[in-house]
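Below is one structure, written out as structure tokens; comments come after it.
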Amino acid sequence: MKVRDVYITSSEALVDSGSKTWPLNSLGKIAHLRIKIGATNGATSNTVGKLKGLVSKIEVIDGSNVIASCSMTEWFAANCYNNGVAPFHDLSAGAAVVIADEIFVLFGRYLGDREYYLDLSRFSNPQLRITWAFAVSATVGIATGTGRLSVIARSLEDQVLPYKGFIMRKEIGSWASAASGDQPFVLPLDYPYMGIYVAALKTTVEPDTIITNVKLTRNTDQYIDFSLTGRDAFARALATFGAFREKFRPLQDTAATWLGDLYFKTGAWMSRPAATSKSVTTTVAAESVTTAATTGGTADTQEIELEGGAPGASLYLPFHDGDPYLPPDPSDFLNPSGLGELKLLLTQGVAAAAGTVVVEQLRV
């Protein structure tokens, strides 16, 4: 099979906030879209130092038909779990430094899947739509007017395998967590499930304390697919899919804090020193890393490495065995055909976390 990478747009300037669409109907069959967001840090610093949390939606649509729809943070989580590694990022707090965040909008089970892909000829007017709002600040955000976007499509050509469908990933609900009680989600019954993502994001709080139990029930407990404590569910995901890594270059300071995107059983260390300043990590609390450094040196030279599970504070609940050496088998997927109800029940333990549910379904 012949494949090629096609630019839909390259280094396109973005206004500080907005929503924009790009046509896709000339691309034929595609395996994924690679979304590259870049910007320049504020004149003094960008202590937040990342962009994915500023992109609220990356969608593929066909009129009112939603083919894929997740925030950039949700796509980050899906990339980690489906591909086994965090997507490319170049993140820094340094003054006027150009930073970058990337994700893949996947249409297969994993990056490089040749059996499942999106055949755009089956849709009348497919479009990519991205919605963003950059935080403009001299100290904790980016410089105004510096946003950039590139989109690269992986096109499949010549001797393409017979069409079997594609994996549809989209957010179906969100909520603000309570200190106790169950949060229910009635799931759609239209397509088989490869997996479900549940995210519960609250800064410096591990998500297994926010979601204390997760249960999937068919027809009001006629059959229970699982009922796991939050701790056991997040631990199973970490054991199955492994830990992920992020890198960040903090300001040269006696104490610097960075909020990464990994939330469960995290650890962090300084991977390189500066010429005249040495640093250590002193505290790691969920995604938050605090460092202590000697004075002197130059900003944007040392590097933090953060390692852990729960990318984007998310839990992945797969309907396959998660073997990293074998592709997910569609015969293992949960087929809701014939069910009267499929319900996800999330028991809560911490208030004011931002929660979302994303479904991952095989669509033909």
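The values are calculated or read from the model by the stated rules, or taken from the named source; none is laboratory data. The shown structure was predicted, so the numbers you read here are calculated from the model rather than taken from an experiment. Reconstructed Cβ throughout: ideal geometry from the backbone, glycine too, with neighbour counts over all protein chains shown.
Quick notes on this one:
- Which numbered condition K170 fails, given (1) over 18 Å from the mean Cα position of the chain (by Cα); (2) assigned to a strand (DSSP E or B); (3) of a type outside the set (S, T, N, Q): (1)
- Residue check for W258: touching a Phe, Trp or Tyr at 6+ places or on another chain (Cβ under 8 Å) and either over 26 Å from S180 (Cβ atoms) or not assigned by TED's automatic domain parsing to the domain that holds A100 (or both): yes
- Every residue from the range 327-342 that is over 15 Å from M168 (Cβ atoms) and touching a strand residue (DSSP E or B) at 6+ places or on another chain (Cβ under 7 Å): L339, E341, L342
- The range 83-101: number of residues that are out of contact with any helix residue (DSSP H, G or I) (no Cβ under 9 Å at 6 or more places or on another chain) and either farther than 16 Å from L306 by Cα or not in a loop (DSSP other than H, G, I, E, B) (or both): 10
- Within the range 61-82, if we keep just the residues that are touching a residue at least 40 places away in the same chain (Cβ under 8 Å) and part of a loop (DSSP other than H, G, I, E, B), the residue that is farthest from G165 (Cα to Cα) turns out to be S71.
- Residue within the range 134-152 that is among the β-branched types (V, I, T), over 24 Å from V3 (Cα atoms) and surrounded by 21 or more Cβ atoms within 10 Å (Cβ to Cβ) present: yes
- Among the residues of the range 290-310, the ones that are under 19 Å from the mean Cα position of the chain (by Cα), of a type outside the set (G, A, S) and either surrounded by fewer than 20 Cβ atoms within 10 Å (Cβ to Cβ) or more than 17 Å from G49 (Cα to Cα) (or both) come to 2 in all.
- Matching entry among T356, T347 (being β-branched (V, I, T) and either closer than 19 Å to N79 by Cα or in the same structural domain as L51 (by TED's automatic domain parsing) (or both)): T356
- Selected residue (only one of S19, S10 is touching a residue at least 40 places away in the same chain (Cβ under 8 Å), over 21 Å from the mean Cα position of the chain (by Cα), in the same structural domain as S56 (by TED's automatic domain parsing) and in a strand (DSSP E or B)): S10
- Selection from the range 153-195 of residues that are touching a Lys or Arg at 6+ places or on another chain (Cβ under 8 Å), crowded, with 16+ Cβ neighbours inside 10 Å and within 19 Å of N219 (Cβ to Cβ): F185, L187, Y191
- Test: residue in the range 267-289 that is under 28 Å from S71 (Cβ atoms), surrounded by fewer than 16 Cβ atoms within 10 Å (Cβ to Cβ) and either hydrophobic (A, V, I, L, M, F, W, C) or under 24 Å from the mean Cα position of the chain (by Cα) (or both): yes
- The combined condition, being within 15 Å of the chain's Cα centre (by Cα) and either in the same structural domain as S10 (by TED's automatic domain parsing) or of a type outside the set (V, I, T) (or both), is fulfilled by F104.
- Any chance G38 is in contact with a strand residue (DSSP E or B) (Cβ under 6 Å, 6 or more places away or on another chain) and buried (at least 24 other Cβ atoms within 10 Å of the Cβ): no
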